[in-house]
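What follows draws every value from the coordinates through simple rules; no lab data is involved. All of these numbers come straight from a predicted model, not from anything done at the bench. For neighbour counting, all protein chains shown are included, and Cβ atoms are generated from backbone atoms with ideal geometry for every residue, glycine included.
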Amino acid sequence: MVGVGPRRLPRACRSWHHDRHRRVNRIVGPDAGSLVVSADEVPGGHDAVVADDALMIDVPASGRVHGHQRRVQFADVSPAGRLRFDAAARMLQDVSDEDTTDAGFPPTEYWVVRRAEMLVRGFPSFRDELTLRTWCSGTGARWAERRVRVDGPAGGRIDAAVLWVHLDEQGRPARLPERFGAIYAEAAGGRTVRARLHHDPAPPQGTPTTPFALRVTDLDLLDHVNNAVSWEPVEEALAARPHLDAPLRVCVEHPAPIDAGAEPQVAVVDRDGGFDLWVLVDGVACSTARVRPAG
């Protein structure tokens, strides 16, 4: 569930300033389009919960399931030859856009990412032929969750769940279009999901940070940093922790946009056998990650 259009969202909707006197959540999308949602606009606010574990939901027996074939290419892998998380995130975007395009949603039907989680049971490798299958695994009033299952040869498998928020033409959260249910409801099976952020909003005081230099190639159609780029610091942290290997469970949340010209800093704290990570701009978390062993 992703839309990429020739038009940009109105500047006012993409660059609202953080109001420290309001309880707000910022949402950044796959094309880095952003919006601000007050706690009143998200039923349950920060206290809302996801009903169950989306990554355990298998391919539905009925309803729309979209298939996609993809080969792991040279630029997708680490020096060890495994599929990188940022490359996997781009694959999730691609299969999502293919599905909504094939379903007849116009390119101006905007969807943005709130949260993306991957369970890597086994890393795909260079030149593996991957089968991606995606379906709607749950809905809310203004958002929907998309499951993606990635299968490769020799044990390569990733299960992913991505929460997408539907926007109107002004970049505000909008109710799901009527035709959405006719296409996706059967696969979702009546499951309800909410838009809570689960991660700590800031690192512990005094946590050291390192610069995360942005490049013009990190920007996309909406002149923001693409959400897949937020997985690159995760790869940097994993490289410094070679003991962390599949199975791994990794979740990235997007509390705020990263604008062109920003100078992000990255903070990492080792926890529970893995680590937590924050990408900060002027002290505000723009993306957060939680990495844990899943074995």
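Of note:
- Stretched out straight at 0.36 nm per residue, the stretch from A185 to D282 would grow longer than its current Cα-Cα span by 30.8 nm.
- Going from the residue with the fewest nearby Cβ atoms within 10 Å to the one with the most, F123, F212, F74 rank F74, F212, F123.
- Which of M56, M118 has the fewest Cβ neighbours within 10 Å, and the rest in rising order: M56, M118
- Net lengthening on full extension, T101/A239 (0.36 nm per residue, minus Cα-Cα): 46.1 nm
- Inter-site label distance for R71 and D53 at 7 Å from Cα along Cβ, in nm: 3.6 nm
- Rounded FRET efficiency, nearest 0.05, which uses the C-beta distance separating Q170 from S78 and R0 of 35 Å: 0.30
- Centre-to-centre, using Cα atoms only, the stretch 260-295 and the stretch 127-165 are separated by 23 Å.
- Placing unit charges on the Cβ atoms of the charged side chains and taking the dipole of the stretch 209-293 about its Cα centre, the candidate lying farthest along the positive direction among V279, A267, P242 is P242.
- Qualifying trypsin sites (Lys or Arg not before Pro) for the stretch 72-127 [loop in DSSP, other Cβ within 10 Å: at most 15]: R127
- Here is the size of the stretch 209-293 from its Cα atoms: Rg then Dmax, 12.8, 38 Å.
- Here the stretch 218-255 is scanned for amide nitrogen atoms under 12 Å from the site 7 Å beyond the Cα of D272 along Cα-to-Cβ, giving 249-251.
- FRET efficiency estimate (nearest 0.05) - Cβ-Cβ, T207 to D94, R0 25 angstrom: 0.15
- Counting every other Cβ atom within 10 Å of each residue's Cβ, I183, I158 order from fewest to most as I183, I158.
- Inter-label distance, nm, simple model (7 Å from Cα along the C-beta direction), T131/A262: 3.8 nm
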